[in-house]
Amino acid sequence: MSITGAESVNLRLPAAAPSAAVVRYCLRRFAQEQALSQQRAFDLLVVVGEAVANAIEHAYRPITGEACFEVRVWRAGDAITARVRDYGRWRGPSTAIDRGRGLMIIGSVARTYSISALRDGTAVEMTL
């Protein structure tokens, strides 16, 4: 796990619920060091939080190694880009009625986002 000065966040964490708190802590620190507005910091926490929740919930069976995910956040000019990547196999949607809004939330907050199905997991990249 590393937070490289005010320039980026690079994390590799277990795919377990307590890891979400670590991500939020690191993102708040990054937002503070980058002097992001409260709204922009909130947006960053929302989109990355949704992608992390999806990685923890859906990529539950690792293809190789431990069940983990990675978060990378960096700034280039005014753009903040975040990438959340897991190494698991995709699990289909839950049968719960009040579920499945994560990607819709990401799409409504991020300027752009993409999902890549990789040979060994999934990656979501979002730009604010």
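Points worth noting:
- Here Leu44, Leu13, Leu118 are placed in order of increasing Cβ neighbour count within 10 Å, fewest first, which gives Leu118, Leu13, Leu44.
- When Ser108, Ser8 are arranged by Cβ crowding within 10 Å, least crowded first, meaning fewest neighbours, the order is Ser108, Ser8.
- Look at Phe69, Phe42 and count the other Cβ atoms within 10 Å of each Cβ; fewest to most, that gives Phe42, Phe69.
- The slack between Tyr25 and Arg89, meaning 0.36 nm per residue of separation minus the straight C-alpha distance, is 20.3 nm.
- Gained length - Asp78 relative to Thr127, 0.36 nm times residue gap less alpha-carbon distance: 16.6 nm
Values in this text are rule-based calculations from the coordinates and carry no lab data. Quick caveat: nothing in here was measured; it's all calculated off a predicted structure. Methodologically, a virtual Cβ is constructed for each residue, glycine included, from the backbone with ideal geometry; neighbour enumeration extends over all protein chains shown.
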